[in-house]
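The values are calculated or read from the model by the stated rules, or taken from the named source; none is laboratory data. Every value quoted in this text rests on a predicted model; they were computed, and no experiment measured them. Cβ sites come from the backbone with ideal geometry, for glycine too, and all protein chains shown count toward neighbours. Side chains are part of the model used for accessible areas, which takes the heavy atoms of the whole protein and leaves out ligands, DNA and RNA. Shrake-Rupley method; radii C 1.70, N 1.55, O 1.52, S 1.80 Å.
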Amino acid sequence: MGLLMWGAVAGAVLNIVLTALLASVYARNARKVPTMFTAGLLTFAILLLVGNAVTLWSFATMMPVYTAGLEPYVITYTWAQAAGLLALSVVTWK
């Protein structure tokens, strides 16, 4: 397993943390303001959390299958998602 894949694993863990924090905020908002919008945000966060958990699981179990040529794409995708989640988190908390 290359250094880039370890970076992708770190990005996947960060994505799970950020998504869990967003889901908790959206759940609190959905309880206070029960609208379709808040329910949609909560649903989005939960599904994204599941997707990130599956991604981390696939990294952990299928790491030997990833070729060196695939690693730059995997880390780029993972950290691009982390940047997007970070931006969404900043907007959510402001």
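Which of the following residues is among the aliphatic types (A, V, I, L, M) and modelled with pLDDT of 90 or more: ALA60, ALA20, ALA68?
Numbers: ALA60 fails: modelled with pLDDT of 90 or more; ALA68 fails: modelled with pLDDT of 90 or more.
Matching residue, one of ALA60, ALA20, ALA68: ALA20.
Of all residues in segment 27-48, those satisfying the criterion of being more than 20 Å from the chain's Cα centre (by Cα), open to solvent by 80 Å² or more (accessible area, probe 1.4 Å) and not basic (Lys, Arg) are PRO34, MET36, PHE37. Being under 19 Å from LEU21 (Cβ atoms), in contact with a Phe, Trp or Tyr (Cβ under 7 Å, 6 or more places away or on another chain) and free of Cβ contacts under 8 Å to residues at least 24 places away in the same chain is the requirement here; does LEU47 meet it? Against the criterion (under 19 Å from LEU21 (Cβ atoms), in contact with a Phe, Trp or Tyr (Cβ under 7 Å, 6 or more places away or on another chain) and free of Cβ contacts under 8 Å to residues at least 24 places away in the same chain), LEU47 does not qualify. Looking only at residues of segment 5-15 that are surrounded by fewer than 17 Cβ atoms within 10 Å (Cβ to Cβ) and touching a residue at least 12 places away in the same chain (Cβ under 8 Å), we find that the one that is farthest from THR76 (Cα to Cα) is VAL13.
Tally up the residues in segment 71-88 that are of a type in the set (Asp, Glu) and either at pLDDT 90 or above or under 13 Å from the mean Cα position of the chain (by Cα) (or both), please. Total meeting the criteria: 0. Would you please list the contacts, defined by Cβ atoms under 7 Å and residues six or more apart or on different chains, that run from a residue in segment 51-64 that is over 12 Å from VAL13 (Cβ atoms) to a residue that is among the aliphatic types (A, V, I, L, M) and open to solvent by 70 Å² or more (accessible area, probe 1.4 Å)? Hits for this filter: MET63/MET1.
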